[in-house]
Amino acid sequence: MATTEKRLEVLKTYKIYIGGQFPRTESGRYYIATNKKGENLANVCLCSRKDFRDAVVAARSAFGGWSSRAAFNRGQILYRIAEMLEGRKAQFIDELIKQDSTRVQAENEVNLCIDRLIYYSGWCDKFQQLFSTVNPVASSHFNFSVPEPTGVVAAIAPQNDSLLGLVSLIAPIIAGGNTCIVLASNTKPLCAVTFAEVLNSSDLPGGVVNILTGKVSELVPWFADHMDVNATVYCEADEATQKMIKEKSALNVKRVLLYDKTKWTDASGQSPYFIMDLQEIKTTWHPIENIGGAKAGY
Amino acid sequence: MATKKNNTIKLKFDSARNLAPAPESKSAAKIDPQYDLFINGKFEKPSGKKYFPTINPATEEKLSMIAEANTADVNKAVVAARTAYDKTWKKMPAAERAKYIYRIARMIQERAREFAIIETLDGGKPIRESRDFDVPTAANHFFYYAGWADKLEYAFPNRRTEPLGVAGQIIPWNFPLLMAAWKIAPALACGNTVVLKPAENTSLTALKLAEIIQEADLPPGVVNIITGAGATGAAIVNHADVNKIAFTGSTEVGKIIQRAIAGTNKKATLELGGKAANIIFDDAPLDQAVEGVINGIFFNQGHVCCAGSRLYVQESVFKEVVRKLKDRLETLIVGDPMDKNTDIGAINSKAQLDIINKYIRIGQQEGAEMYQPSCAVPKKGFFCKPTIFTNVAQSNRIAQEEIFGPVLAIQSFRTDDEVIEKANNTPYGLSAGVWTDKGSKIFNLTTKLRAGVVWANTFNKFDPTSPFGGYKESGYGREGGLQGLSAYVNIIENR
């Protein structure tokens, strides 16, 4: 019973991602994402301070579990994210094209995202070996230093490279055992929400990554001064905002990372140093008993 | 109901207190009546012509007059450091740089006794500590970092490094010479030049270090040491031509610095306050643990950012540990810092003594039970008896806020999970201690305690090869070890 009538497309509701759930913003507000021609693409949640605070609660609750997962397991989960993204490539390419990319650009960006996730998947159980030390102290102690995740990270994703920037930011944060709240590109928010769906279907525990949409200028002060956030990440060159983030971050001595000079499309957009940016070094001491004075002679 | 018989013999401590005095002689140290600013390799008078006194906190006698650097002096020092960086230090082969730093290490070792005496006279810490800990560890720090200067290409995998430029360094009064070493040694090894300001109460050993730097023939301007109080420090922080701020001190001032440099590209490392938990499980060797607790909180009169100021004792051994602690407290010798028998010297300043006494009052008002030993303290000078509090609630201010004195807040716990929760429930994260005989329990604790240094079955140990620094509001960046290098370099891609 073929019909000549065109089938009516089912439009997607773009929601946010908090604690493994897809709520709408509690504020009930929205904004319209458009392309360059000014065509409406979707109604997107205009998140509020309360949404951010809910996301911080989710990220903090998830931190203990995620940071104590086996590094190997984190690696597998990052690999799984890449697998899920590979399977849904077409959807991301469509969305990027809708948001003004050419097909070639869109395909490149999605491929790069998948490869970057694989790259960081591999680092999950290796960067610790590279950046740990056993320290030859002058007293009778065994002493070693290892990297440990900083904690809850509040990151503002780059406005351009709306998918690649987001993935390049999130991957090293979670590879290192942190949890995060990420504000998607304001002008190109579609892929971020769809990426949340990928995360949600890839064994990543709820709350490890939380994705909000909205206005940078409205949310950035809360990202920088929340007392239960350990680090703030910002990717634009806007000096006034950089200064404000640094000032507000002093409230609880947050680590502040500015990635305004990073080229995400470049090979320099990935390295274990991005993981180390959000690691603390912990040093552990224990005495060595040396009662009889026996030496290891053979 | 039969009461349990207590067979514990009441210990007598009179003999311990009656040791004959064994004072170190002042004659081995030379203190000038007045000290100027060390800028561009020379000692210069401050442009404001102002001097302030530095006193011996154990006797309240004046030791010397110290120059106060104003903004113009700070500028002069920064210009000297910049010129030395551009013209000399940056270009010098790294192996040559290393040899200068080795020289400093050797000269400190040669003059160790003099340094120890001056450190104790100026700061009030027991001579035993300045002699056996502060001075040798400071020398070792220079010796360790000297060797890094020509090996930096091995420190960061697949990257090379470049120095930052001029480092502005501000240090506290609790370990004056050692903190100067922690700051200057890695900065120089990485190729930076330095403007360092010691705390106003304890400038003398830093100025003695300036003499050594002069004798070591370091190129003028590579290290500049200027003295003064908060305003001088602020002038360094706010100077436009400083590339890096390294600060050790209170969390409060650390936050001010973080705000002050917000609009700049200055890098910063902050080593701030702490409220370390020291945790004793019931299977721990209790006598060792008690020694560790005593060392953890009373080392350097408790003027230690990583001091074990919160003690958590498992309920089943709580009474026994508290009794042992009280007994041990009775044997501590409080008094003349120059006496080699002294365990607890003078509080660094009147202002700090007032803060400590304020917290002792707060602890009592909040309902905690205070215990102090029966020892006498000298009438003159600033002294405080070692103090422990039991019946402390997690919310009490003495369990939450950094006191920076010989005051210990003791609480009990039942389970591992409970004590992890309690230990981490603080904005700080500098250090922690764990006492248990069970290896697997140690690692459960040491991995879950959110602190930069965790001591298991030991406490308050430091080494040049061992990175030191905090999580959370205890600051960021590390000092010591390979990881301490990253505070003083830009890490750049190999191309």
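The table below lists the values:
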quantity	calculated
Strands (runs of 3 or more DSSP E) wholly inside the range B:356-437 that include at least 3 residues being touching a residue at least 40 places away in the same chain (Cβ under 8 Å) and crowded, with 22+ Cβ neighbours inside 10 Å	B:407-413, B:431-435
The range A:141-158 - residue that is within 14 Å of chain B (Cβ to nearest Cβ) and of a type in the set (G, A, S) and, of those, farthest from A:I245 (Cα to Cα)	A:S145
Where B:S466 falls short, out of the listed (1) crowded, with 24+ Cβ neighbours inside 10 Å; (2) touching a residue at least 24 places away in the same chain (Cβ under 8 Å)	(2)
Lone unmet requirement of (1) out of contact with any Phe, Trp or Tyr (no Cβ under 6 Å at 6 or more places or on another chain); (2) closer than 29 Å to B:I127 by Cβ; (3) among the basic types (K, R) for B:K275	(1)
Inter-residue pairs, beta-carbon under 7 Å, first within 11 Å of another protein chain (Cβ to nearest Cβ) and in the range B:248-259, second open to solvent by 50 Å² or more (accessible area, probe 1.4 Å), 6+ apart	B:R259/A:E247
Among (1) touching a Pro at 6+ places or on another chain (Cβ under 9 Å); (2) under 29 Å from A:A250 (Cα atoms); (3) within 11 Å of chain A (Cβ to nearest Cβ), the one test that B:Q400 misses	(3)
Residue in the range B:341-388 that is nearest to B:L19 (Cα to Cα), counting only those that are more than 19 Å from the chain's Cα centre (by Cα) and polar (S, T, N, Q)	B:N341
Residue check, B:P464 part of a loop (DSSP other than H, G, I, E, B), out of contact with any strand residue (DSSP E or B) (no Cβ under 9 Å at 6 or more places or on another chain) and under 25 Å from B:Y154 (Cα atoms)	yes
Residue, farthest from A:N178 (Cα to Cα), within the range A:228-248, restricted to residues that are out of contact with any Gly (no Cβ under 7 Å at 6 or more places or on another chain) and within 7 Å of another protein chain (Cβ to nearest Cβ)	A:E247
Every residue from the range A:140-172 that is open to solvent by less than 10 Å² (accessible area, probe 1.4 Å), assigned to a strand (DSSP E or B) and over 16 Å from A:L278 (Cα atoms)	A:N143
Given (1) at positive phi; (2) open to solvent by 10 Å² or more (accessible area, probe 1.4 Å), index of the condition A:N111 fails	(1)
Test set (1) open to solvent by 10 Å² or more (accessible area, probe 1.4 Å); (2) in a helix (DSSP H, G or I); (3) hydrophobic (A, V, I, L, M, F, W, C) - B:L329 fails condition number	(1)
B:F443 vs. criteria hydrophobic (A, V, I, L, M, F, W, C) and free of Cβ contacts under 8 Å to residues at least 40 places away in the same chain	yes
Subset of the range B:458-467 (residues that are in contact with a Phe, Trp or Tyr (Cβ under 8 Å, 6 or more places away or on another chain) and more than 7 Å from chain A (Cβ to nearest Cβ))	B:N460, B:F462, B:P464
Leading residue by the ranking (least open to solvent (accessible area, probe 1.4 Å)) among those in the range B:469-494 that are at the interface with another protein chain (Cβ under 9 Å from one of its Cβ atoms) and part of a strand (DSSP E or B)	B:G475
All helices (runs of 4 or more DSSP H) inside the range B:187-304 with 3 or more residues being assigned by TED's automatic domain parsing to the domain that holds B:Q352 and either open to solvent by 20 Å² or more (accessible area, probe 1.4 Å) or more than 23 Å from B:A139 (Cβ to Cβ) (or both)	B:286-298
Among residues of the range A:121-132, those that are in a helix (DSSP H, G or I) and either of a type in the set (A, V, I, L, M, F, W, C) or farther than 20 Å from A:I281 by Cβ (or both), counted	6
Residue match in the range B:89-107 (condition: among the acidic types (D, E) and crowded, with 17+ Cβ neighbours inside 10 Å)	no
Residue match in the range A:138-152 (condition: of a type in the set (D, E, K, R) and touching a Cys at 6+ places or on another chain (Cβ under 9 Å))	no
In the range B:446-457, the residues that are within 7 Å of chain A (Cβ to nearest Cβ) and either farther than 22 Å from B:F299 by Cα or open to solvent by 10 Å² or more (accessible area, probe 1.4 Å) (or both)	B:T446, B:N457
The range B:107-117, residues that are under 12 Å from B:A216 (Cβ atoms) and either in contact (Cβ under 8 Å) with a residue 12 or more places away in the chain or in contact with a Phe, Trp or Tyr (Cβ under 8 Å, 6 or more places away or on another chain) (or both)	B:M107, B:I108, B:R111
Criterion: among the small types (G, A, S) and touching a Pro at 6+ places or on another chain (Cβ under 8 Å) - qualifying residue of B:G433, B:G470, B:G439, B:G480	B:G480
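The values are calculated or read from the model by the stated rules, or taken from the named source; none is laboratory data. Owing to the predicted nature of the structure, the values given are computational and were not obtained by experimental measurement. Glycine also receives a Cβ, built like all others from the backbone with ideal geometry; neighbour counts cover every protein chain displayed. For accessibility, only protein heavy atoms count, side chains too; no ligands or nucleic acids. Shrake-Rupley method; radii C 1.70, N 1.55, O 1.52, S 1.80 Å.
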